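Notes for the one structure printed next.
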Amino acid sequence: MRFSFLHSADWQIGKRFGSFPGDKPAVLRDQRLQAVDRLAQTATAAGCSAVLVAGDVFDAETIPEAQGEQLMARLRAYPALAWHLLPGNHDPARAGGVWAGIISGGLPQNVFVHVEPKAVDVAPGVVLLPAPLTSKRTSTDPTAWMDAAASPSGTLRVGLAHGSVQGFGSAGEANVPIDPARCKKAGLDYLALGDWHGTTRISDRVWYSGTPEPDGFRDNDPGNALIVRLEGNAPPAVERVPTAHFTWRRREQKIDGAHSLDPAEAEVAALASAAGRSLMWLELSGTVPLAELARIEERLGKLAPRLFHLAFDLSGVAAFADAADLASLNSPALGDIAQRLRVMSEAGGSDAAVAGRALRRLFALARQAEAGV
């Protein structure tokens with residue numbers, strides 16, 4: 001018996017991305033929908049007949065009606081693929097939730113939403129054992145029922161679940177425990193999991209696919225789908241396939257001057273046209289003179305437009321005003337203000353932090369004025 005399918009999860013259609021400015025949230029949301037097309041093309045090219053989505057299809061259990069319609073239209077456009085969708089902790093299967101509305105509106109013939117834990121024949125000799133969530137958290141393992149689920153001898157048994165495998169850290173979002181031995185206890189040929197947003201192998205037969213389109217600055221191998229090929233009792237052949245449009249990069253950099261940004265600037269330059277599909281988070285730390293910090297902020301301002309998005313954290317940077325800093329201020333009045341702020345920032349007390357921020361801002365504005373900004 002053979003069966004090939006694509007394993008995906010954590011689409012989180014409709015994710016808000018509220019921390020991003022301007023029209024960037026809309027662009028990021030749209031790519032989560034477009035990822036569905038990339039998944040369909042990947043599955044078709046690999047000769048798969050089905051796509052199994054292990055939970056969190058939507059980002060919330062209440063969504064605008066148009067979002068559900070947009071997704072169903074996309075899935076309907078690939079009639080050769082059977083789409084098997086599982087409610088997760090973001091979009092649990094309960095009365096009045098997102099799935100109730102979509103199902104009542106009528107599903108495309110090639111779309112199957114599994115809102116009950118019961119065995120379903122998905123191909124000749126292949127049974128799917130889904131474990132839908134009906135709440136955002138649970139203390140019981142939703143896959144436990146699979147142990148007693150009967151199927152004919154020789155049938156391929158595929159589990160589909162959303163939650164965190166016990167004993168492998170807390171990389172997921174759902175407060176849903178899953179027994180790492182479930183695959184063996186239930187006689188599963190493969191257990192397709194969702195919740196962890198990075199591709200993760202738990203064992204030969206147990207995998208997290210991760211999200212097909214990254215949504216955060218985590219170094220956990222997101223942006224993939226898994227092509228899974230089952231044949232008899234042999235361990236599954238699992239192929240990791242990249243599906244991401246955007247790349248999210250997190251970098252930590254020690255700084256002692258503006259030149260410390262050279263590696264980040266070189267990395268962005270090497271990306272060439274791909275920089276427009278890259279998001280970067282820079283976490284900077286170190287100690288620099290205030291005038292040098294102003295130059296660093298200036299260079300960051302020039303770097304930002306070369307990427308889709310640049311975010312940086314300067315909270316780990318300690319800045320000090322030395323004699324050269326004070327001398328660099330061409331205005332005697334500004335020099336006097338800077339000197340008083342310096343004294344206040346070094347004196348400690350409740351006003352020190354405010355004085356320090358004001359001093360940093362003063363030098364940043366002075367640098368902008370020098371540059372004619």
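Roughly speaking, what is the stretch gain from residue 347 to residue 2, that is 0.36 nm per residue apart minus the C-alpha to C-alpha distance, in nm to one decimal? Mind dumping the intermediate values first?
Numbers: separation 345, 0.36 × 345 = 124.20 nm, distance 7.41 nm.
Here the answer is 116.8 nm.
What residues qualify as long-range amide H neighbours of residue 89, i.e. H under 5 Å apart, gap of 5 or more or another chain, H built at 1.01 Å from N?
Under 5 Å from the amide H of residue 89 lie the amide H atoms of 56, each far enough along the sequence or on another chain.
Over the heavy atoms of residue 254, what accessible area does a 1.4 Å probe trace out, to the nearest 10 Å²?
150 Å²
Please give the per residue accessible area of segment 193-329, computed with a probe of 1.4 Å over protein heavy atoms only, in Å².
Numbers: 5800 Å² over 137 residues.
Per-residue value: 42 Å².
Return the FRET efficiency for the residue pair residue 44, residue 20: r is the Cβ-Cβ distance, R0 is 45 Å, and the value is rounded to the nearest 0.05.
0.90
Along the principal axes of its C-alpha atoms, what lengths does segment 230-359 span, in descending order and rounded to whole Å?
81, 33, 19
Specify the angular offset, from 0 to 90 degrees and rounded to the nearest 10, of the alpha carbon long axis of helix 332-347 from the longest principal axis of the alpha carbons in the chain.
Between helix and principal axis, roughly 60 degrees.
What's the angle, to the nearest 10 degrees (0 to 90), between helix 262-271's Cα axis and the longest principal axis of the chain?
On a 0 to 90 degree scale, this one is about 40.
Over the chain, what is the percentage of antiparallel beta bridges among all DSSP beta bridges, to the nearest 5?
25 percent
Could you tell me the ratio Rg/Rh of the chain? Both radii from Cα atoms, Rh via Kirkwood. Present the calculation step by step, with values, prior to reporting the outcome.
Details: Rg = 26.2 Å, Rh = 23.3 Å.
Radius of gyration over Kirkwood radius for the chain works out to 1.12.
For a distance above 19 Å, tell me the whole-number percent of Cα pairs in segment 34-106 that qualify. Mind showing how you got there, number by number?
Values: 901 of 2628 pairs.
Taking all Cα-Cα pairs of segment 34-106, the fraction more than 19 Å apart is 34 percent.
In the full protein assembly as shown, how much of residue 238 is accessible to a 1.4 Å probe, in Å² to the nearest 10?
About 40 Å², ignoring ligands and nucleic acids.
Can you pull out the trypsin sites (Lys or Arg not before Pro) in segment 1-52 that DSSP calls coil and that have at most 12 other Cβ atoms within 10 Å? Walk me through the numbers before you get to the answer.
Details: sites: 2, 15, 16, 29, 32, 38; in loops: 15, 16.
Within segment 1-52, the qualifying trypsin sites (Lys or Arg not before Pro) (loop, at most 12 other Cβ atoms within 10 Å) are 16.
Leaving out ligands, DNA and RNA, what percent of the accessible area of the chain is carbon and sulfur, probe 1.4 Å? Mind showing how you got there, number by number?
Values: 8850 of 16760 Å².
Answer for the chain: carbon and sulfur cover 53 percent of the accessible area.
Could you give the angle, 0 to 90 degrees to the nearest 10, between helix 24-45's Cα long axis and the longest principal axis of the Cα atoms of the chain?
Between the helix axis and the principal axis of the chain, the angle is about 40 degrees.
Kindly sort 205, 157 by accessible area of their heavy atoms, largest first, with the probe set to 1.4 Å. Don't skip to the answer; put the middle values down first.
Working: 205 55, 157 20 Å².
Order by accessible area, largest first: 205, 157.
Stretch residue 150-residue 116 to full length: gain in nm at 0.36 nm per residue minus the Cα-Cα span? Each step should come with its number before you reach the end.
Numbers: separation 34, 0.36 × 34 = 12.24 nm, distance 1.58 nm.
Extra length from residue 150 to residue 116 when fully extended: 10.7 nm.
The values are calculated or read from the model by the stated rules, or taken from the named source; none is laboratory data. Remember, predicted model here, so these are calculated numbers, not experimental data. All Cβ positions, even for glycine, are placed from backbone atoms using ideal geometry, and neighbour counts span all protein chains on display. Note: accessible area is taken over every heavy atom of the protein model, side chains too, but ligands, DNA and RNA are not part of it. Shrake-Rupley method; radii C 1.70, N 1.55, O 1.52, S 1.80 Å.
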